[in-house]
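Below is one structure, written out as structure tokens; the observations come after it.
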Amino acid sequence: MSEINLGIIGGGQLGSMLTVAAKKLGIKTYIFCDDADAPAQNFCNEFIHGSYDDKEKINEFVNKVDVITYEFENIPYETLHELNRFKPVSPKPSVNRIIQHRLAEKDFVNKLNIRTTRYASIENKDDIMPLEDLLPGILKTTTMGYDGKGQYPIKNLEDFESLNIDFSKEYILEKLVKLKKEISVIITRFDKGKYEVYEPIENRHEDQILKHSKIPADISSKLLEQSKEWATLISEELKYIGTLCVEFFIDRNDNLYVNEIAPRVHNSGHLTINAYNVSQFENHIRAVCKLEQIPLKKLSNAEMINIIGDQIIPFRESPKLKDNQFFYDYLKKEIKQKRKMGHLTTLI
Ligand code: ADP
Ligand code: MG
């Protein structure tokens, strides 16, 4: 087969890991990113820096690649749509348009008869008044949120009054679920009816940021099957090509809810690098580049912790790893509070 040149939009840690997986398969990677310091430039074959509406830079990128994918969902739809006119973009831009908007995403999931939290659209201050039964809740920007950014917990109407919400943006109000657990299911879809599903991963968040993931998840076999079934249905319905993650809530009565869908590889799946024969990253590359589908085999149970902010310093100085531990430094130049700097996977 002739050499494949893969374009990846976004140059963070997910872009880096996609690049490493592609290299292993003999694929050349070109990263396009609006951040001059993007860590993926340390790993890719070529790095193109430009803003996501810079036509000239986009052209330069398009001319170099055969197929395009992306590491995060907040890329403007127009950019993906434009790129797709010249080279195939996977997953297709229309998928991204649904998922990057929290309301469209939840409407889509509910139409499949899959449970989500209860929610409503909030466009101005008065919209919340008749929605008291959605409180306590969380107000979220409909677009561009990640790691809890753009989210406001609201206990009661007074809380809402006292917050100075910027209504030039659109919001969704979600009823707070009394969480027992959070899990995620990662699935790579290759074609109609052809996919590889990883077993559910149990996740713990701190300050709305993922802190800890592990397999196996401590859940009933019913929830295990139901979460995999819903993730499969979602990916089939989207005619998705590549790796996708569905985040779930489990409430105190063992009800399962879809929290959100990530149309990309996912932080909770970092442990798949060491715990499976094929990682979520390699599977994504295999699907978007139309390479062979290899049956998944779990090699080990595992847990992963995210290394956030200055927790990276001791790891960088002297990681002191055991044989079953794998440390990943994202090589981000600046250490910032709440920024994911690396992770540590332990096979158990
Ligand atoms: P992000 O895009 O930042 O990942 P999420 O909607 O996944 O946004 O929210 C981040 C975390 O905040 C969730 O994983 C969960 O721990 C908590 N959270 C968000 N929405 C709710 C909710 N409706 N009920 C309970 N917890 C929530
Ligand atoms: Mg989330």
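The values are calculated or read from the model by the stated rules, or taken from the named source; none is laboratory data. Values in this document were obtained by computation on a predicted structure and should not be read as measured data. Cβ sites come from the backbone with ideal geometry, for glycine too, and all protein chains shown count toward neighbours. The area values use the complete protein model at the heavy-atom level, side chains included, leaving out ligands, DNA and RNA. Shrake-Rupley method; radii C 1.70, N 1.55, O 1.52, S 1.80 Å.
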Open item on the list: With a 1.4 Å probe and all protein chains kept in place, how much accessible area does Met144 have, in Å² rounded to the nearest 10?
Closed with: 120 Å²
Open item on the list: Output needed: percent of Cα pairs per 10 Å distance bin for the stretch 10-55, bins running from 0 to the one holding the longest distance.
Closed with: 34, 50, 15, 1
Open item on the list: Give me a comma-separated list of calculated 3J(HN,Hα) values for the stretch 216-226, in order, Karplus coefficients 6.51, -1.76, 1.60 applied at θ = phi - 60°, integers in Hz, x for any Gly or Pro.
Closed with: x, 6, 8, 9, 6, 5, 5, 5, 4, 5, 5
Task: Distance histogram for the stretch 156-204 (every C-alpha pair counted, 5 angstrom bins, percent rounded to whole numbers) - done: 5, 12, 12, 14, 10, 12, 15, 8, 7, 5, 0
Open item on the list: Nearest 500 deg cm²/dmol is fine: what mean residue ellipticity at 222 nm does the chain get from its DSSP H runs of n ≥ 4 alone, each adding -39,500 (n - 2.57), divided by its residue count?
Closed with: -7000 deg cm²/dmol
Open item on the list: Let me spell out the model: positive unit charges on the Cβ of Lys and Arg, negative unit charges on the Cβ of Asp and Glu, origin at the Cα centre of the chain. What dipole size does that give, in debye rounded to 20?
Closed with: 1000 debye
Open item on the list: Going by average Cβ density within 10 Å per residue, which order do the peptides 327-334, 5-12, 266-273 take, highest to lowest?
Closed with: 266-273, 5-12, 327-334
Task: Pairs beyond 23 Å (Cα-Cα), from Lys155/Lys340; Lys111/Lys298; Lys24/Lys297; Lys181/Lys214 - done: Lys155/Lys340; Lys111/Lys298
TODO: At q = 0.11, 0.12, 0.18 Å⁻¹, work out log10 I(q)/I(0) for the stretch 227-348 with the Debye formula, treating every Cα as an identical point scatterer and leaving solvent out; two decimals please.
DONE: -0.49, -0.58, -1.12
Task: Distance in nm between pseudo-label sites at Tyr77 and Lys180 (7 Å out along the Cβ direction from Cα) - done: 3.7 nm
Task: Potential lengthening between Gln151 and Phe327 on full extension [0.36 nm per residue; Cα-Cα distance subtracted] - done: 60.3 nm
Open item on the list: Tell me the relative contact order for the stretch 5-89 as a rounded percent, counting alpha carbon contacts under 8 Å between residues six or more apart.
Closed with: 33 percent
Open item on the list: Would you work out the Kirkwood radius for the stretch 5-89? I mean one over the mean of 1/r across all pairs of different Cα atoms, in Å.
Closed with: 12.4 Å
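Quick check: net charge around Asn45, other residues with Cβ under 15 Å of its Cβ, Lys/Arg +1 and Asp/Glu -1?
Net local charge, Asn45 excluded: 0.
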Task: Per residue accessible area in Å² of the stretch 118-175, where ligands, DNA and RNA are left out and the probe is 1.4 Å - done: 56 Å²
TODO: Please build a GNM for the chain, connecting alpha carbons under 10 Å apart, and tell me which residue among Phe248, Phe108, Phe167 fluctuates the most.
DONE: Phe167
TODO: Would you work out which of Leu163, Tyr195, Ala104 lies farthest towards the positive end of the dipole of the chain? Charges go on Cβ: Lys and Arg +1, Asp and Glu -1.
DONE: Tyr195
Open item on the list: Only bridges whose two residues both fall in the chain count here: according to DSSP, what percent of them are antiparallel, nearest 5?
Closed with: 80 percent
Open item on the list: Just to check, using Stokes-Einstein with a Kirkwood Rh over alpha carbon pairs, what's the diffusion coefficient of the stretch 118-175 at 37 °C and 0.692 mPa s in µm²/s?
Closed with: 292 µm²/s
Task: Gyration tensor (alpha-carbon) shape descriptor, the stretch 117-270, a/c threshold 1.5 - done: prolate
Open item on the list: I need to check one value: relative contact order of the chain, counting alpha carbon pairs closer than 8 Å and at least 6 residues apart, in percent.
Closed with: 15 percent
TODO: Could you list the residues of the stretch 201-228 with an amide nitrogen less than 19 Å from a label point located 7 Å from the Cα of Lys336 in the Cα-to-C-beta direction?
DONE: 206-211
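Let me make sure I get this right: for the chain, a, b and c are the square roots of the gyration tensor eigenvalues over alpha carbons, sorted descending. Under 1.5 in a/c it's rounded, otherwise prolate if a/b > b/c, else oblate. Which is it?
Numbers: a/c = 1.42, a/b = 1.26, b/c = 1.13.
Note, shape of the chain comes out rounded.
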